[in-house]
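For reference, the structure is listed below as structure tokens.
A short reminder: the numbers here are calculations on the coordinates, not readings from a lab. Just so it is clear, the model here is predicted, and its values are computed rather than measured. So basically every Cβ, Gly included, is an ideal-geometry build from the backbone, and we count neighbours across all protein chains shown.
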Amino acid sequence: MNDALYREHILDLYKNPQNFGELKGATHKHREFNPLCGDDIEIQVAVEKNRVKDIKFKGRGCALSIASSSLLTEKAKGMKVEELMKLTKDDIVEMMGISMGPVRIKCALLPLEALHKAVLHDA
């Protein structure tokens with residue numbers, strides 16, 4: 001995909017995010033806030049037998065944080081917790097498919113920070 005198609009995909013995920021809403025029966029959750037831009041994302045995870053059974057997110061934010069939340073929650077479904085904890089900035093950049101400066105990358109990484117903190121602590 002070229003950069004323009006990725007941008008279109010990001011905007012589509014922003015307007016129609018996957019896995020957005022409240023997760024009933026979440027075993028883990030964490031909320032992260034970016035004071036620089038106002039992004040506010042909560043990741044909710046249901047872990048069963050050390051695997052992600054279900055995952056959702058809620059909150060508000062820019063196109064990058066919402067699209068990243070959508071992509072990350074899709075990728076995380078069915079993953080082992082250990083695999084989840086190995087996800088990095090590079091994985092997010094690859095999923096997003098666009099180049100981002102240092103300020104914008106913080107928006108895209110916010111959901112990953114919330115996810116990592118969520119699975120480290122019980123809900």
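Can you pull the semi-axes for the chain, root of five times each eigenvalue of the Cα gyration tensor, sorted largest first, whole Å?
On the way: eigenvalues 102, 43, 36 Å².
After scaling each eigenvalue by five and taking roots: 23, 15, 13 Å.
The charge dipole of the stretch 3-120, taken about its Cα centre with unit charges on the Cβ of Lys, Arg, Asp and Glu (plus for the first two, minus for the last two), comes to roughly 340 debye. The order of Thr73, Thr27, going from fewest to most other C-beta atoms within 10 Å of their C-beta, is Thr27, Thr73.
Among Ser65, Ser70, Ser99, the ranking by other beta carbons within 10 Å of each residue's beta carbon, starting with the fewest, stands as Ser99, Ser70, Ser65. Couplings 3J(HN,Hα) for the stretch 53-68, derived from phi with the Karplus relation 6.51 cos²θ - 1.76 cosθ + 1.60 (θ = phi - 60°), are 7, 7, 7, 9, 9, 9, x, 9, x, 6, 4, 5, 5, 5, 4, 4 Hz, where x marks Gly and Pro. 3J(HN,Hα) along the stretch 85-96: 5, 8, 5, 10, 3, 4, 5, 5, 4, 5, 5, 5 Hz, from the Karplus curve 6.51 cos²θ - 1.76 cosθ + 1.60 with θ = phi - 60°, whole Hz, x for Gly and Pro.
Dipole orientation for the stretch 1-99: of the candidates Gly21, Val93, Leu64, Gly21 has the Cα lying most toward the positive pole (charges on Cβ; Lys, Arg +1; Asp, Glu -1). In plain terms, the residue of Val119, Val45, Val93 with the fewest other Cβ atoms within 10 Å comes first and the most crowded comes last, giving Val93, Val119, Val45. Near Thr27, the amide H atoms lying under 5 Å from its own belong to Val45, Ala46, Val47; only residues 5 or more places off or on other chains count, and H is placed 1.01 Å from N. Rg and Dmax over the alpha-carbon atoms of the stretch 61-112 stand at 10.6, 31 Å.
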